[in-house]
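The values are calculated or read from the model by the stated rules, or taken from the named source; none is laboratory data. Fair warning: this is a prediction, and the values are worked out from it, not measured in the lab. Cβ atoms come from the backbone with ideal geometry, glycine included; neighbour counts cover every protein chain shown.
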């Protein structure tokens, strides 16, 4: 009789254990019997499919972010090149203005040169120099390049006028 009671108790425990294991629909959390139940009901495959879809979404987002990072890197490289070009043009124009200052000194030494015209050219060159210094502080590289080109044209006109005075 004790043996029968022990068997019944063991059988009751097994049934309770099986029932508690089957209460979950997530086979990863339901133990062996939950796993068997999840496989049989298709819940396991649905969970796998859901996680697979999330992984694919995450991978797509990663690819999109990598492309965006590459695009930003290319823009950065282009901006860096523009900055270097603008700085090189500013430096070249600054050197040209220094050379033109030397020509102004030569023109001032000439006896038959219109000194008022030399003064005017010198004042305009000074203005160009001031504008050039202001452009070094400008952050918009396209505007900087455009302004430097305008200043270069003005400088060229003044240089031609000065050479005409000297000759």
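For the stretch 65-79, the criterion of a residue being touching a residue at least 12 places away in the same chain (Cβ under 8 Å), assigned to a helix (DSSP H, G or I) and surrounded by 11 or more Cβ atoms within 10 Å (Cβ to Cβ) is satisfied by at least one position.
Residues of the stretch 127-143 that are modelled with pLDDT under 75 and assigned to a helix (DSSP H, G or I): 136, 141, 142.
Those residues that are under 17 Å from residue 154 (Cβ atoms) and modelled with pLDDT of 85 or more, I need them from the stretch 104-117; list them, please. Selection gives 117 alone.
Screening 142, 136 for residues that are surrounded by 12 or more Cβ atoms within 10 Å (Cβ to Cβ) and within 42 Å of the chain's Cα centre (by Cα) leaves exactly one candidate, 136. Right, residue 124: at pLDDT 85 or above and in contact with a helix residue (DSSP H, G or I) (Cβ under 8 Å, 6 or more places away or on another chain) or not? Criteria met by residue 124.
When the stretch 84-117 is examined, which residues are found to be exposed (fewer than 14 other Cβ atoms within 10 Å of the Cβ), in contact (Cβ under 8 Å) with a residue 40 or more places away in the chain and either in a helix (DSSP H, G or I) or under 30 Å from the mean Cα position of the chain (by Cα) (or both)? Selection gives 106 alone.
If we keep just the residues of the stretch 118-133 that are over 14 Å from residue 157 (Cα atoms) and surrounded by 17 or more Cβ atoms within 10 Å (Cβ to Cβ), which is farthest from the chain's Cα centre (by Cα)? For the stretch 118-133, the residue satisfying everything is 129.
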